[in-house]
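Taking it in order: structure first as structure tokens, then the write-up.
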Amino acid sequence: MTRLLRGLLLVLALAGPLSVPAFAVQPDEVLEDAGLEARAREISRKLRCPVCQGETIDDSNAAISRDLRLYVRERLVAGDTDPEVIDNVVDRFGEFVLFEPRATGSGLILWLAGPLMALIAALVAWRFLRSRDRAPTETPALDAAEKKRLDEIMRGG
Amino acid sequence: MIAEYGHFALILAFAVAVYQMTVPMVGAAKGWQGWMDSARPAALAQLLLMAISFGALTVAFVTSDFSVSLVYENSHTSKPLIYKISGVWGNHEGSMLLWVLILALFGSAAALFGGNLPPSLRARVLGVQAAVSVAFYAFIIFTSNPFWRMGNPPFDGRDLNPLLQDPGLAFHPPFLYLGYVGLSMAFSFAVAALIEGRVDAAWARWVRPWTLAAWIFLTIGIALGSWWAYYELGWGGFWFWDPVENASFMPWLLAAALLHSAIVVEKREALKSWTILLAIMAFGFSLIGTFIVRSGVITSVHSFANDPERGVFILAILAVFIGGALTLYAFRASAMTAKGVFAPLSREGALVLNNVLLAVAAFVVFIGTIWPLVAEMFWGRVLSVGPPFFDQAFTPFMIVLAIVLPVGSLMPWKRATLARSLRPLREALVLAAAVMALVFAVSTGHSALAVIGAGLGSWLVFGAFSELWLRTGSAGAGRLLRLPRADWGKAVAHAGLGVTFVAVALIQAWQIEDVRVAEVDQPFQIGPYQMVLRSVDRNDGPNYLAQRAVVEVTRDGRDVATLYPEKRVYPVQGMPTTEAAIDYGFWRDLYVVLGDEQPDGGWALRTYVKPFANWIWGGAMLMALGGLISLTDRRYRVAAGARRAAPTTAVAAE
């Protein structure tokens with residue numbers, strides 16, 4: 001709830017009157033320079049719309065996403081690098097807008113969890129496979145009665 | 001009165017389930033035949049009562065009985081009939097009622113077709129199944145009752161969320177639930193086996209068709225959801241790594257792993273305790289999925305029902321069942337000794353690798369999904385985990401899986417050599433390399449993704465064909481049709497995975513996107529297509545207002561399609577939606593979205609050319625079809641002991 005409220009306040013503060021929701025990237029946003037535009041799209045796909053549920057600013061219809069898209073393009077035109085633009089947006093809105101979480105501090109756990117688990121699983125699997133390879137053959141030893149019977153059979157009795 | 005009948009039937013079903021989870025269990029422990037056998041009529045009675053209950057709610061929706069508050073909240077008199085029906089499960093309470101209906105359906109299917117199960121195992125399976133039902137009946141009756149009446153019935157309802165008024169989404173939840181709940185059968189079999197202390201090849205043969213059926217339903221359900229997102233959300237994305245999507249994807253991955261490990265139990269009597277653990281975890285993740293969706297604990301596009309109290313209830317169910325099952329597992333797992341002896345390089349070894357990859361991939365999806373929750377709880381960091389993370393952390397496992405799959409699936413049991421397993425795949429390897437070269441030549445230099453994805457995908461497809469060919473031996477093509485259906489099912493499903501691989505890689509690499517202001521009657525060029533916006537008119541529907549554009553598409557002067565993208569407003573919910581117009585094609589989809597009218601003339605128009613789009617869901621359908629073919633294999637019909645039909649095809653026919 002607080003997240004939603006915070007988001008709404010941000011919209012009011014940044015966007016002024018709420019515009020009618022329209023569709024994602026608008027024609028008037030597109031930059032002339034195709035290279036810059038491609039970078040802008042790439043960045044937009046990594047940023048989360050602060051007020052929507054799990055949409056990137058590239059896909060979102062919200063007014064604040066439009067403002068963010070315009071801001072990203074503004075910074076790119078001004079000559080910022082991609083990480084600078086992203087840092088700028090994160091400074092304003094917090095980590096929440098970052099769809100690719102940073103691999104710093106506790107974030108490292110998230111990024112390493114997969115590879116570590118893969119390593120552990122591979123080790124366990126390998127040990128299991130080795131143990132199966134060395135396992136005793138399936139036929140259990142014969143007990144005394146069975147041996148006697150076998151001897152009888154072998155003797156032709 | 002009808003709503004009250006439904007309510008009453010629900011409470012009766014609850015009572016029957018309480019009986020079914022206790023009496024047959026005691027009977028099985030004491031060896032009392034009559035007590036054990038009473039599980040079967042109880043399971044059937046549950047189904048009957050739930051059918052009445054669900055039927056009553058459906059009647060309330062169809063007749064727009066707004067004195068039932070759920071109907072008022074989610075329906076409207078002007079809504080088309082099909083969405084009045086799908087509206088029954090397009091909300092929290094109704095969807096939970098559907099959940100328990102399906103639970104009862106599976107329970108009674110096990111009762112009907114479990115004729116050849118040992119009586120004690122059958123009683124315990126049905127008992128565990130009923131215990132799950134009891135928990136969910138209680139959940140519905142005490143926190144999410146769909147039958148509450150309102151004192152003063154309003155004149156009309158508040159309508160269903162317009163995004164949900166769609167044929168794709170009408171059938172998405174039932175299939176997903178058939179999948180989730182189908183995994184409860186695997187869970188019940190696993191817990192029953194732990195209580196019995198016995199897992200053998202016969203157990204695996206019983207449990208596998210249920211898992212296969214659940215996996216087929218999950219595959220279809222996920223594909224439907226993804227297809228819906230593609231055409232409805234208006235930008236043609238098909239997978240967002242959204243928590244709710246992940247919630248259905250994790251059980252799918254684990255069910256796939258379970259299918260494969262159960263083969264090892266069936267054929268080689270190894271991997272028993274791991275298979276039991278997987279069965280528990282697969283259903284556990286179904287419950288976690290339900291928890292994520294129903295509690296809204298992780299914000300997502302989908303959670304239209306946010307209520308922490310319900311979340312805590314489901315969390316408690318999860319804790320009791322999964323905690324209980326794992327405790328039981330800890331005590332009993334050691335009793336399950338493996339018998340088979342095999343070298344690491346063997347079919348068994350390959351299936352172990354399959355399980356490692358699928359299980360770790362599911363773990364990655366899991367940790368990415370819950371990470372925002374963990375980070376906020378422990379470090380106070382409010383953050384998001386989205387597609388960029390999953391693309392990087394998940395994809396490597398799928399790449400390795402695709403590389404080893406065709407080789408592993410050819411390996412003989414017990415002991416294999418790499419050279420011998422690779423030899424039949426020479427042609428497949430050459431063809432896959434040819435596809436890679438072709439894709440490399442066609443794409444303009446930039447996309448490694450396209451080359452690798454298309455190469456791996458075609459390696460899977462050609463590998464599946466090679467294996468089928470190999471199975472015919474020297475008999476040649478004539479024997480192809482006489483191969484066991486299990487062989488065909490396997491090849492079709494693996495080829496389906498390959499098709500999806502190709503599609504996902506190529507659609508991402510080769511998609512063309514265009515955003516512009518289109519003036520009426522002024523043509524423009526997109527890729528090889530000439531587009532022209534002819535007009536934009538009003539085109540209102542029964543419960544919405546709409547503007548509809550007419551867009552003509554030609555290629556080299558020949559007509560390709562006329563598309564009618566719409567912008568709609570649903571006044572009751574005050575919600576605008578875009579209805580993309582799509583020209584579906586075998587090689588590509590043309591996808592047009594209408595935007596706003598511009599102040600200085602013209603309309604915003606967004607156009608995509610999406611290559612191989614249909615292959616994504618085509619591949620998924622092939623996977624499901626492969627599962628279905630495999631399900632009809634003679635082995636399971638024999639195993640089911642019923643000549644009439646395999647147990648799960650009967651379920652599919654519902």
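The values are calculated or read from the model by the stated rules, or taken from the named source; none is laboratory data. Everything numeric here is computed off the predicted structure, so don't read it as measured data. Note that each Cβ is placed from the backbone with ideal geometry, even for glycine, and that neighbours are counted across all protein chains shown.
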Next on the checklist: Looking for something away from chain A (no Cβ under 14 Å) and part of a helix (DSSP H, G or I) - is there at least one such residue anywhere in the range B:346-353?
Outcome noted: no
Checklist entry - Could you say whether any residue in the range A:134-151 is closer than 25 Å to B:Leu357 by Cβ and within 12 Å of chain B (Cβ to nearest Cβ)? => result yes
Item to check | When residues of the range A:63-112 are limited to those that are assigned to a loop (DSSP other than H, G, I, E, B) and in contact (Cβ under 8 Å) with a residue 12 or more places away in the chain, the one surrounded by the most Cβ atoms within 10 Å (Cβ to Cβ) | outcome: A:Phe99
Next on the checklist: Being buried (at least 22 other Cβ atoms within 10 Å of the Cβ) and either facing chain A (nearest Cβ under 9 Å) or not basic (Lys, Arg) (or both) is the requirement here; does B:Leu328 meet it?
Outcome noted: no
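Condition check ((1) modelled with pLDDT of 90 or more; (2) among the small types (Gly, Ala, Ser); (3) over 30 Å from B:Arg332 (Cα atoms); (4) surrounded by fewer than 22 Cβ atoms within 10 Å (Cβ to Cβ)) across all residues:
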| site | (1), (2), (3), (4) |
| --- | --- |
| B:Gly114 | no, yes, no, no |
| B:Thr143 | no, no, yes, yes |
| B:Phe155 | no, no, yes, yes |
| B:Ala193 | yes, yes, no, no |
Checklist entry - Going by the conditions given, is B:Thr395 surrounded by 14 or more Cβ atoms within 10 Å (Cβ to Cβ), out of contact with any helix residue (DSSP H, G or I) (no Cβ under 6 Å at 6 or more places or on another chain) and of a type in the set (Val, Ile, Thr)? => result yes
Checklist entry - Going through the range B:532-579 one residue at a time, which ones are over 30 Å from B:Tyr83 (Cβ atoms) and more than 14 Å from chain A (Cβ to nearest Cβ)? => result B:Val532, B:Arg534, B:Glu552, B:Val553, B:Thr554, B:Arg555, B:Asp556, B:Gly557, B:Arg558, B:Asp559, B:Val560
Item to check | Within the range B:359-376, tally of residues that are within 11 Å of chain A (Cβ to nearest Cβ) and surrounded by fewer than 16 Cβ atoms within 10 Å (Cβ to Cβ) | outcome: 2
Checklist entry - If we scan the range B:159-170, do we find a residue that is at positive phi and touching a Phe, Trp or Tyr at 6+ places or on another chain (Cβ under 8 Å)? => result yes
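Surrounded by 14 or more Cβ atoms within 10 Å (Cβ to Cβ), within 14 Å of chain A (Cβ to nearest Cβ) and over 22 Å from B:Phe612 (Cβ atoms): is that true of B:Leu383 in this structure? Show your work before the answer.
Working: surrounded by 14 or more Cβ atoms within 10 Å (Cβ to Cβ): yes; within 14 Å of chain A (Cβ to nearest Cβ): yes; over 22 Å from B:Phe612 (Cβ atoms): yes.
Against the criterion (surrounded by 14 or more Cβ atoms within 10 Å (Cβ to Cβ), within 14 Å of chain A (Cβ to nearest Cβ) and over 22 Å from B:Phe612 (Cβ atoms)), B:Leu383 qualifies.
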Checklist outcome for this item: Counted residues in the range B:479-521 being within 14 Å of chain A (Cβ to nearest Cβ), over 35 Å from the mean Cα position of the chain (by Cα) and surrounded by fewer than 17 Cβ atoms within 10 Å (Cβ to Cβ) come to 1
Checklist entry - Consider B:Tyr72 against the criteria (1) surrounded by 16 or more Cβ atoms within 10 Å (Cβ to Cβ); (2) out of contact with any Lys or Arg (no Cβ under 9 Å at 6 or more places or on another chain): it satisfies all of them except one. Which criterion is unmet? => result (2)
Item to check | Cβ pairs under 7 Å, 6+ apart, first in the range A:16-34 and in the same structural domain as A:Tyr71 (by TED's automatic domain parsing), second part of a helix (DSSP H, G or I) and modelled with pLDDT under 80 | outcome: A:Leu18/A:Val11
